[in-house]
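The values are calculated or read from the model by the stated rules, or taken from the named source; none is laboratory data. A quick note: this is a predicted structure, and the numbers were derived from the prediction, not measured. No Cβ is skipped: glycine too gets one built from the backbone with ideal geometry, and neighbour counts run over all protein chains shown. All accessible areas refer to the heavy atoms of the entire protein, side chains included, with ligands and DNA or RNA removed. Shrake-Rupley method; radii C 1.70, N 1.55, O 1.52, S 1.80 Å.
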Amino acid sequence: MLILNKTAGVFSKPSRKKPYEFLRSFNFYPGKLFLHKLVLGIETSCDDTAAAVVDETGNVLGEAIHSQTEVHLKTGGIVPPVAQQLHRENIQRIVQEAVSASKVSPSELSAIATTIKPGLALSLGVGLSFSLQLVHQLKKPFIPIHHMEAHALTIRLLNKVEFPFLVLLISGGHCLLALVRGVSDFLLLGKSLDIAPGDMLDKVARRLSLIKHPECSTMSGGKAIEHLAKQGNKLHFDIKPPMQRAKNSKNCDFSFSGLQHVIDKIIMQKEKEEGIQKGQILSSAAHIAAAVQHTIACHIAKRTHRAILFCKQRHLLSQSNAVLVVSGGVASNLYIRKALEIVTNATQCTLLCPPPRLCTDNGIMIA
Ligand code: KG4
Ligand code: ZN
């Protein structure tokens with residue numbers, strides 16, 4: 001691991017102005033020495049520093065991840081310079097751990113693949129400059145990776161999913177529906193017009209101060225909402241699903257910020273009624289959690305239903321063997337999965353979700 005130990009600071013930084021030109025100068029060419037190509041994947045697009053070594057048949061040889069969730073929970077959300085600093089502090093160790101676990105020497109790697117977009121610019125920059133130093137040092141090809149394409153294709157490590165298939169990516173930073181026609185061939189059918197569902201759940205959880213709730217103190221916002229929702233009545237509040245107006249619904253887009261404002265108002269009203277200060281836990285927190293989870297699930301299910309019908313009508317998806325892949329942190333929510341299951345059962349589709357550790361950001365999907 002001497003080589004990896006030496007990377008930091010050894011090479012001059014690549015030009016800041018034109019990183020993509022620099023990337024294009026690398027081509028992927030097949031290695032001759034090894035039976036299987038071995039790819040090191042590096043992910044730093046948001047708040048996870050992750051790396052993995054995967055061979056071309058999909059075997060995961062080594063993996064490591066450092067999550068920043070605990071720090072960001074304390075600061076009430078991701079502060080980009082803080083995320084950048086934490087990536088800087090951890091990237092070398094994480095890459096080293098993944099490569100060591102794989103028992104592959106760095107010189108045996110066939111290529112280095114790294115997320116280049118989309119994501120937080122400061123976070124992406126750490127992974128990119130680290131990778132480019134490594135690429136120079138090891139004289140390996142570089143594969144620039146689109147984070148969303150990686151999420152969408154992860155399922156193919158586990159299931160034999162043929163193209164085309166429909167993918168729904170729902171997390172703290174993403175919300176999109178796309179038809180996956182090939183490894184790099186995506187037809188975008190819908191996206192969030194404002195914030196992502198996980199972001200919205202995180203904001204509601206923060207507004208409800210769930211971090212102070214004894215059962216939820218270590219959970220992400222979305223997980224805390226799912227946990228509390230089990231104890232609440234989803235119909236306790238009369239909340240209208242987003243994008244109900246006809247002019248808004250004739251596409252497969254999503255919207256979550258209007259719903260967030262509605263929930264904010266309900267929380268303010270309840271604080272008044274219960275005579276408590278902002279920052280204390282409401283007695284109706286579980287009802288609010290159940291209502292917000294239910295409303296989000298209905299909205300996501302309806303938009304996905306529309307996308308399936310559109311694709312089938314246009315013969316973009318198989319009539320009888322269509323597959324819907326759902327991934328991203330919010331996809332680990334069992335209530336939302338259940339709502340999607342109702343949709344796929346009604347449309348003769350198969351619903352596939354990677355296991356939670358592959359739904360969230362990781363190095364394996366990049367490799
Ligand atoms: O995919 P991810 O780890 O990171 C990105 O955003 O890229 O997703 C994290 C998001 C957070 O917003 C978190 O609150 C949400 O996923 N989340 C959940 C659950 N677990 C995590 N949302 C709903 N239900 C869950 N069980
Ligand atoms: Zn992601």
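Looking only at the range 93-101, decide whether some residue is assigned to a helix (DSSP H, G or I), over 25 Å from L358 (Cβ atoms) and over 19 Å from the mean Cα position of the chain (by Cα). Checked against the condition, which is being assigned to a helix (DSSP H, G or I), over 25 Å from L358 (Cβ atoms) and over 19 Å from the mean Cα position of the chain (by Cα), the range 93-101 yields no hits at all. Summed over the range 140-176, residues that are within 16 Å of ligand 1 (Cβ to nearest atom) and either open to solvent by 60 Å² or more (accessible area, probe 1.4 Å) or not in a helix (DSSP H, G or I) (or both) total 12. Within the range 253-282, being modelled with pLDDT of 95 or more and assigned to a loop (DSSP other than H, G, I, E, B) holds for D253, S255, F256. Tell me, please, whether a residue that is assigned to a strand (DSSP E or B), within 22 Å of G329 (Cα to Cα) and open to solvent by 50 Å² or more (accessible area, probe 1.4 Å) can be found in the range 104-124. Yes, the range 104-124 has at least one match.
Conditions: (1) open to solvent by 60 Å² or more (accessible area, probe 1.4 Å); (2) more than 30 Å from R207 (Cα to Cα); (3) not in a helix (DSSP H, G or I). I78 meets all but one. Number of the miss? Answer for I78: the failing condition is (2).
With the requirement that a residue be small (G, A, S) and either part of a helix (DSSP H, G or I) or not assigned by the TED database to the domain that holds L193 (or both), what does the range 283-310 give you? If the condition is that a residue be small (G, A, S) and either part of a helix (DSSP H, G or I) or not assigned by the TED database to the domain that holds L193 (or both), then A285, A286, A289, A290, A291, A297, A301, A307 are the ones that fit. Candidates in the range 322-344 are the residues that are within 17 Å of L153 (Cβ to Cβ) and away from ligand 1 (no atom under 15 Å from the Cβ); of these, the one that is surrounded by the fewest Cβ atoms within 10 Å (Cβ to Cβ) is V323. Scanning the range 219-227 for any residue that is within 11 Å of ligand 1 (Cβ to nearest atom) and in a loop (DSSP other than H, G, I, E, B) turns up at least one such residue.
The number of residues in the range 125-139 that are open to solvent by less than 10 Å² (accessible area, probe 1.4 Å) and more than 16 Å from ligand 2 (Cβ to nearest atom) comes to 4.
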